[in-house]
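Working notes for the structure below.
The values are calculated or read from the model by the stated rules, or taken from the named source; none is laboratory data. None of the values given here were measured: they were computed from a predicted structure. As a convention, Cβ positions derive from the backbone with ideal geometry for all residues, glycine included, and neighbour counts pool all protein chains shown.
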Amino acid sequence: MHCSHLQLLLFAVMVVSVAGQDTSMKISTKPSGSQAAAAQLAWMKTSMARMETELVTKYGEPQRPWIQRGLRQVSEFWRAEDGDAGVFEDFVRTNFAGDAATLDTMFNRYQRLLEQLDGHMHEINREFSQQSDLDAGAVLSFDEIFAGYDPSAHVVDDFFSNKLAFIVLLNFPLTTLDQRLHDGPDWTRRQWAEVRLAQRFDKRIPADVNLAVSEAGAEAGQYIAQYNIWMHHVVDAQGQRLFPPKMRLLSHWNLRDEIKADYADPQNGLAKQRTIQQIMERIVTQSIPQVVVDNPGVDWNPYSNEVSPAAEKDSDAAKSTGLVTNTREPDTRYAVLLRTFVAAKKADPYSPTAPTLIDRRFDEDREIPEARVKAMLEQVLSSPLVAETAHLIQSRLGRPLEPFDVWYNGFRPGSKYTEAELDEIVAHKYPTAEAYQKDIPNLLMKLGFAPDRAQYVASNIIVDPARGSGHAMGAEMRSAKAHLRTRVEKTGMNYKGFNIAVHEMGHNVEQTFSLNDVDYTLLQGVPNTAFTEALAFVFQGHDLELLGLPAPDAKSQAEKTLNDFWGTYEIAGVGLVDMGVWHWMYDHPQARPEQLNDATVQIAKDVWNRYYAPVFHKKDVVLLGVYSHMIDAFLYLPDYSIGHMIAFQIEEQMKKAGAIGPEFERMAKMGRVTPDLWMVHATGRPVGPEALLEATQRALAASGGR
Ligand SMILES: [Zn+2]
């Protein structure tokens, strides 16, 4: 489900009270990273020593650790253009909050003003993209420029230039993930808010580096976006065409989804699936002929790898090529990936608390250490439930598993109602977006919210008619409202639209509680997007009951669980390959594309051989390397598995609690602390795969798989 969550500026830190009353926060005495080397100014050491003595004299010896910390944090980001020794010393003298009252005032004003900044920037963004987001008439050329413009893009740079960022760094603590994990559970809420405040300024990446990263990302996105295979031109040894004319499949998404769809084709399904697997493997190994990429002008046998001018024409998009040869794609896939690596690496020296992209992904974006993520993925991959589920799939298919069955899609929640029946019920109930808006309090009460809470939340949600399928857009300040974008046809809302609207409403309810009811707006939100998705899925899973229909039965729930488990098993291996490849690149920063090709193929085989070969009885399969995210998404893939685990944990907790409403509110008000701390508060356990595995075990028992 696509939901647009405003990309939050990263924030975070915690303050130990300057007056030193607060001892729960340990101060790190080691310099925080590699960056210092980037711009150590000749006068800095002397100035720091001078200011330390001066401030200790003024505020007293107990303040020394906070003074040292502030000086160190400022010095790590100070550049020549920020001023000479005199400017630095004046800045420190003027802006160090030497007593608790001053620090409180500083904290409160920063919190209030940053909420205003984020909130209004977000309002501008929302208004500017309104024409392209809503079903409101033609989108003209300039509308797209408005939609693409982000007025907040340079806020962090500006805050370093005008020194508002340095004031935060002088007074509030930067933290490492290790500190947030080990000390965080003992911090007060205020300390957490201070930690998040300082985190907003934990890196100062020069504009040219940011530009290089976004250009490399855009280039990779382009490469991926045009990587189509024209399926009618894929032929077998007899020259037969298995796929219909004009079928153009984007790698890897459409190729994978075609494998899933082909289970419904009893005649040619298996042959088609095997063919697509062959295509995918040639993409990963780059043995695919260059000339067949996005080109309906060439016929191709992916087994023999022979190519010839197309014997049939189904498109005008054929590329004019001279001689048709099967010269392979020259490792372009890996050259593109390497360029994203080289660009990402340029930011390393400017990110002292997370000096590699791998660190930034795990320590900052996910806030779960890489070693733990790896262990969680491996726990799913090596679970005995995999073999049991595989056995069940095999018996349903009536044949031994083949590697492409990692994308088996036969676990299907059944329904008493046809889609047409559901469409009719929904269209009758919700002829317009306004009808849905009016019904929100009622829907929330059905989910167990008390009448006053239902009214309160509903009054913070505005329903808009979406141009696309729908999305949720929360507010960023308390005076603004969350927007629920949903699609309503002329004949009224259909079931698919309703199902999505209920999901998006879940986001809006989370957004409302986690902004308006959290104790500090600096803690607004949830730890990461997996959490808001999990909360939205809780709502979505009850959509039938919201229509007054019976809930899915146990059999149907078991099918859904098995589908999620098999999907997690599949994507967990993909996540490990993504992680392995990024480590390899950091270990071989001078690598050439062909070397990265070899390494990726080897890593994909290793993960396969370890966790999949025992189930599929075939070794050295490279399919796990086919995901396009691997090329353009900067180590995003481990998120999917974690998302599934979190969804099950929250779902199980909701079942235990009974009523969703109060439990949902309790969870959402926790705000943006670490995932583990949030989850312990929500469920009593840290993030992990146990809930998923337990549910799978029950589902297998219910499906006769054991
Ligand atoms: Zn969503």
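Results, tabulated for the structure shown:
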quantity: Which listed residue, of Pro369, Pro384, Pro413, Pro431, is touching a strand residue (DSSP E or B) at 6+ places or on another chain (Cβ under 9 Å) and not charged (D, E, K, R); calculated: Pro431
quantity: Which listed residue, of Arg396, Arg360, is at negative phi, part of a helix (DSSP H, G or I) and surrounded by 20 or more Cβ atoms within 10 Å (Cβ to Cβ); calculated: Arg360
quantity: When residues of the range 480-507 are limited to those that are of a type in the set (D, E, K, R) and either at positive phi or in a helix (DSSP H, G or I) (or both), the one nearest to the ligand (Cβ to nearest atom); calculated: Glu504
quantity: Condition check for Thr332: crowded, with 19+ Cβ neighbours inside 10 Å and β-branched (Val, Ile, Thr); calculated: no
quantity: Test: residue in the range 412-432 that is surrounded by 17 or more Cβ atoms within 10 Å (Cβ to Cβ) and under 30 Å from Lys272 (Cα atoms); calculated: no
quantity: Output for the range 20-68, where each listed residue is under 37 Å from the mean Cα position of the chain (by Cα), modelled with pLDDT of 50 or more and under 23 Å from Asp348 (Cβ atoms); calculated: Ala39, Gln40
quantity: Residue list for the range 464-479, restricted to those being away from the ligand (no atom under 16 Å from the Cβ) and either at pLDDT 95 or above or touching a Cys at 6+ places or on another chain (Cβ under 8 Å) (or both); calculated: Ala475, Glu476, Met477, Arg478, Ser479
quantity: Those residues of the range 299-316 which are surrounded by fewer than 21 Cβ atoms within 10 Å (Cβ to Cβ) and either part of a helix (DSSP H, G or I) or hydrophobic (A, V, I, L, M, F, W, C) (or both), in sequence order; calculated: Ala310, Ala311
quantity: Positions within the range 580-607 being within 19 Å of Val406 (Cβ to Cβ), touching a residue at least 60 places away in the same chain (Cβ under 8 Å) and either in a loop (DSSP other than H, G, I, E, B) or more than 23 Å from the chain's Cα centre (by Cα) (or both), in sequence order; calculated: Val601
quantity: Test set (1) within 12 Å of the ligand (Cβ to nearest atom); (2) at pLDDT below 95 - Lys560 fails condition number; calculated: (1)
quantity: In the range 390-433, the residues that are of a type in the set (Gly, Ala, Ser) and closer than 19 Å to Asp265 by Cβ; calculated: Gly398, Gly410
quantity: Hey, Glu215 surrounded by fewer than 19 Cβ atoms within 10 Å (Cβ to Cβ) and farther than 28 Å from Val622 by Cα or not; calculated: yes
quantity: First in the range 309-324 and of a type outside the set (A, V, I, L, M, F, W, C), second anywhere and in a loop (DSSP other than H, G, I, E, B), Cβ under 6 Å, 6 or more apart; calculated: Pro309/Val324; Asp314/Pro245; Asp314/Lys246; Ser315/Pro296; Lys319/Asn295; Lys319/Gly297
quantity: All positions within the range 202-236 that are free of Cβ contacts under 8 Å to residues at least 40 places away in the same chain and hydrophobic (A, V, I, L, M, F, W, C); calculated: Leu211, Ala218, Ala225, Met231
quantity: Neighbours by Cβ (under 8 Å, 6+ apart or cross-chain): first from the range 452-474, among the acidic types (Asp, Glu); second surrounded by fewer than 20 Cβ atoms within 10 Å (Cβ to Cβ) and modelled with pLDDT under 95; calculated: Asp464/Leu134
quantity: The range 76-94, residues that are crowded, with 19+ Cβ neighbours inside 10 Å and assigned to a helix (DSSP H, G or I); calculated: Glu76, Phe77, Phe88, Phe91, Val92
quantity: Tally, over the range 125-152, of residues that are within 24 Å of Ala433 (Cβ to Cβ), touching a residue at least 60 places away in the same chain (Cβ under 8 Å) and of a type in the set (Ser, Thr, Tyr); calculated: 1
quantity: Options Glu510, Glu533; residue that is within 13 Å of the ligand (Cβ to nearest atom), closer than 28 Å to Ser556 by Cβ, modelled with pLDDT of 95 or more and not in a loop (DSSP other than H, G, I, E, B); calculated: Glu510
quantity: Some residue of the range 665-682 being surrounded by fewer than 19 Cβ atoms within 10 Å (Cβ to Cβ) and touching an Asp or Glu at 6+ places or on another chain (Cβ under 7 Å); calculated: yes
